[in-house]
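*Asks:* This is the structure I have questions about; it appears just below.
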Amino acid sequence: MTGSVGQAPVIRAHGVWKVFGPRAERIVGTPEADLPRRELLERTGCVAAVRDVSFEVWPGEVFVVMGLSGSGKSTLVRTLIRLIEPTAGEIEIAGRDVTRASRSELRALRRHEVGMVFQHFGLLAHRRVLDNVAFGLEVRGVPKAERQARAREVLRLVGLEDVADRFPDQLSGGMQQRVGVARAFAVDPAVLLYDEPFSALDPLIRRDMQDEICRLQAETGKTMIFITHDLSEALRLGDRIAIMRDGSIVQLGTPEELVGSPADAYVANFTRDIPRSHVLTLRWVMRKPAPGEELDGPRLDVRTTVRDAVPVLAASEKPVCAVEDGRVVGLVERDAVLRAIASGDER
């Protein structure tokens, strides 16, 4: 997903740094900042957790930041709302300058514009589920009847309306995380930040929660930033993915771009076990029709994955027509699909 004419990004980060240590600002933009982490620490006593990161997130986009432990992804997301103070750079959320915001302006931003969901649920054990979901509205001073009505509405959205009067310790881990998601949605924020929210859940519940996020995003169109160390999760959820290493973004692109054209050996190593046919779409393997060429083969949406297109290709003697907005934009032939799949096997 990219911004369209007339749209402004919901989030804009430009040249963001976070350096921990004495006189951290002196490291920014210097050759020392490019040193390996251990060498930088030995020379300066500093750790560069986020190094010169820039990106934009567009309305309705699910933007995933992924990387291994220590890559800087969680530090980065916390700098966006100044839970961790950035050392340098510019950050805007919903048109507001975060880096220059006062404490009161930051509080307002976190209460009104941003919803946060973390790995640890942070639910209030002595309060019912309904009151946990309504807590952000209570902090805003919303009247009780109004905030409880909104909380019930959001609980219906996440399928938990039947547990509104229970307490958190009466719920499973997956249900508690749904309550956390509902609490973030209740304040109707411009953007939702998820920091590895499902990493403590078992695989089946984690899969269910991924389905839930996909459904909620489709229904509400919320802009989301999702932090994860799991590439499969990133590919499943993200419109675009930024892969981080040692505090820097090494590649930013669509799932298809990361799997089909990794920027370097580090990204290729991440994606090598991902079946290309599950991620690449017809757009990746199609060719432009020649002038006057017949376009009478079977038609599939250009966003169809190669895996889903294979049975149609196998049943047809003619190339598949890739269609976008009712118009044929490319032709897909069997050998192109085979080459795309085989090139992944050779990596």
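The values are calculated or read from the model by the stated rules, or taken from the named source; none is laboratory data. Source: prediction; values computed, not measured. Backbone-built Cβ (ideal geometry, glycine too); neighbour counts: all protein chains shown. The area values use the complete protein model at the heavy-atom level, side chains included, leaving out ligands, DNA and RNA. Shrake-Rupley method; radii C 1.70, N 1.55, O 1.52, S 1.80 Å.
*Asks:* Gly89 passes all but one of (1) modelled with pLDDT under 95; (2) part of a strand (DSSP E or B); (3) on the phi > 0 side of the Ramachandran plot; which number fails?
*Replies:* Here Gly89 meets the rest and fails (1).
*Asks:* Quick check on this structure: which one of Leu204, Leu193 is crowded, with 17+ Cβ neighbours inside 10 Å and either in contact (Cβ under 8 Å) with a residue 12 or more places away in the chain or of a type outside the set (Asp, Glu) (or both)?
*Replies:* Details: Leu204 fails: crowded, with 17+ Cβ neighbours inside 10 Å.
Being crowded, with 17+ Cβ neighbours inside 10 Å and either in contact (Cβ under 8 Å) with a residue 12 or more places away in the chain or of a type outside the set (Asp, Glu) (or both) holds for just one of Leu204, Leu193, which is Leu193.
*Asks:* Another one. Could you tell me whether any residue of the stretch 271-293 is under 19 Å from the mean Cα position of the chain (by Cα), of a type in the set (D, E, K, R), modelled with pLDDT of 90 or more and open to solvent by 30 Å² or more (accessible area, probe 1.4 Å)?
*Replies:* Within the stretch 271-293, none of the residues are under 19 Å from the mean Cα position of the chain (by Cα), of a type in the set (D, E, K, R), modelled with pLDDT of 90 or more and open to solvent by 30 Å² or more (accessible area, probe 1.4 Å).
*Asks:* What number goes with the only condition from (1) within 24 Å of Arg240 (Cβ to Cβ); (2) among the hydrophobic types (A, V, I, L, M, F, W, C); (3) outside any strand (DSSP E or B) that Val64 does not pass?
*Replies:* For Val64, the exception is condition (3).
*Asks:* Please go through the stretch 52-61 and pick out each residue that is in a strand (DSSP E or B) and surrounded by fewer than 23 Cβ atoms within 10 Å (Cβ to Cβ).
*Replies:* So in the stretch 52-61, the residues in a strand (DSSP E or B) come out as 52-57.
Asp52, Ser54, Phe55, Glu56 - these are the residues of the stretch 52-61 that are in a strand (DSSP E or B) and surrounded by fewer than 23 Cβ atoms within 10 Å (Cβ to Cβ).
*Asks:* Can you find, within the stretch 226-262, the residue that is most open to solvent (accessible area, probe 1.4 Å) among those that are in a strand (DSSP E or B) and over 13 Å from Gly67 (Cβ atoms)?
*Replies:* Applying the first criterion (in a strand (DSSP E or B)) to the stretch 226-262 yields 226-228, 240-245, 248-253.
Still in the running and over 13 Å from Gly67 (Cβ atoms): 240, 253.
Working: Arg240: 36, Gly253: 3 Å².
Among them, the one singled out is Arg240.
*Asks:* Looking at the stretch 80-90, is at least one residue more than 18 Å from Gly15 (Cα to Cα) and in contact (Cβ under 8 Å) with a residue 40 or more places away in the chain?
*Replies:* No, the stretch 80-90 contains no residue that is more than 18 Å from Gly15 (Cα to Cα) and in contact (Cβ under 8 Å) with a residue 40 or more places away in the chain.
*Asks:* Further, regarding this structure: Would you check if there is a residue in the stretch 94-106 being over 24 Å from Val187 (Cα atoms), touching a Lys or Arg at 6+ places or on another chain (Cβ under 8 Å) and of a type in the set (Asp, Glu)?
*Replies:* No, the stretch 94-106 contains no residue that is over 24 Å from Val187 (Cα atoms), touching a Lys or Arg at 6+ places or on another chain (Cβ under 8 Å) and of a type in the set (Asp, Glu).
*Asks:* Scan the stretch 98-109 for residues that are open to solvent by 30 Å² or more (accessible area, probe 1.4 Å) and outside any helix (DSSP H, G or I) and jot them down.
*Replies:* Within the stretch 98-109, the first condition is being open to solvent by 30 Å² or more (accessible area, probe 1.4 Å), and the residues that meet it are 99-100, 102-105, 107-108.
Hits for the stretch 98-109 are Thr99, Arg100, Ser102.
*Asks:* In this structure, is Ala149 open to solvent by 60 Å² or more (accessible area, probe 1.4 Å), among the hydrophobic types (A, V, I, L, M, F, W, C) and free of Cβ contacts under 8 Å to residues at least 40 places away in the same chain?
*Replies:* Working: open to solvent by 60 Å² or more (accessible area, probe 1.4 Å): no; among the hydrophobic types (A, V, I, L, M, F, W, C): yes; free of Cβ contacts under 8 Å to residues at least 40 places away in the same chain: yes.
So Ala149 does not fit the description; no.
*Asks:* Something else now. What are the pairs with Cβ atoms under 7 angstrom where one residue, in the stretch 60-77, is under 21 Å from Pro9 (Cα atoms) and the other, located anywhere, is among the aromatic types (Phe, Trp, Tyr)? Sequence gap at least six, or different chains.
*Replies:* Every condition considered, the pairs that remain are Val62/Phe226; Val64/Phe226.
*Asks:* Residues that are small (Gly, Ala, Ser) and under 28 Å from Val64 (Cβ atoms), at least 3 per element: which helices (runs of 4 or more DSSP H) completely within the stretch 110-224 meet that? I'd like the intermediate steps shown before the answer.
*Replies:* Details: elements: 129-133, 135-140, 144-157, 173-186, 203-220.
By residue number, 173-186.
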